[in-house]
Amino acid sequence: MSKTSEKDAAVRDLLAAASGQKFSTVLADPPWRFENRTGKMAPEHKRLARYGTMTVEDICGLPVAAITAETAHLYLWVPNALLPEGLAVLAAWGFTYKTNLVWHKVRKDGGPDGRGVGFYFRNTTELLLFGVRGKNARTLAPGRRQVNILRTMKREHSRKPDETYELIERCSSGPYFEMFARGKRESWTVWGDQSEDYFPDWPTYANHSQSQSADSATTNQRTGSDHQLKLLQERRRYFNDV
């Protein structure tokens, strides 16, 4: 498929996912493409090639304005190194930048998780840009009491904290739309290659986003095996008695 065809397909898929609805709040975590292609920082590096990336031009070209209400909020994840590009995307989508939330990645003991990347400083933070469009676009009352920092442990590559959803739902009105989503979420419309079924299939941190599901599946599997063993034992006792 040509680059133009891929862009057209992405536009069609986005509009189809919206189904003509206008959303008051949009959350987006674009697959940013870093210019540096030789270090760990670049998602397309062979050790981190876990999803396709997009150019800033292609991200800007997505018709986000067409699926948002006249008054709306945008939450846009952007790496520290690509802050100018993030602001450009926010503007291209028809929003005005207002402020940001900071995700501080911490260890179990609460200290900064220094396993991040960076050529100038070791990054332990990531930015969630906040933009608005339309009139009377202030956050809801809880938002005016919300501090602009999230402190959580990081999980698999590029996965953002689930606490973000709860924060957004407190501070911004629905309906809610997530772009480049990883899995479904109740009360949200989602779009992206991994928005339906998602599970990290590469070596990652033990507390990855699907670890509880994996634990539950293992527990269910063990429970099923134990149940089968119990039935077999009871059957043997029955025939021995006969």
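The values are calculated or read from the model by the stated rules, or taken from the named source; none is laboratory data. Here the structure is a predicted model, which means the values were calculated and not measured. Here the Cβ positions follow ideal geometry from the backbone for every residue, glycine too, while neighbour counts run over all protein chains shown.
Checking Phe121, Phe95 one by one, the residue that is in the same structural domain as Ala28 (by TED's automatic domain parsing), over 18 Å from Asp162 (Cα atoms), in contact with a Gly (Cβ under 6 Å, 6 or more places away or on another chain) and of a type in the set (A, V, I, L, M, F, W, C) is Phe95 and no other. Per this entry, Tyr176 is not counted among residues that are out of contact with any Lys or Arg (no Cβ under 9 Å at 6 or more places or on another chain) and either at pLDDT 85 or above or aliphatic (A, V, I, L, M) (or both). The residue that is farthest from the chain's Cα centre (by Cα), among those in the range 1-36 that are modelled with pLDDT under 95, surrounded by 11 or more Cβ atoms within 10 Å (Cβ to Cβ) and outside any helix (DSSP H, G or I), is Asn36. The number of residues in the range 50-75 being over 21 Å from Asn136 (Cβ atoms) and under 17 Å from the mean Cα position of the chain (by Cα) comes to 6. Only residues that are out of contact with any strand residue (DSSP E or B) (no Cβ under 7 Å at 6 or more places or on another chain) and within 21 Å of Phe23 (Cβ to Cβ) were counted in the range 90-118, giving 2.
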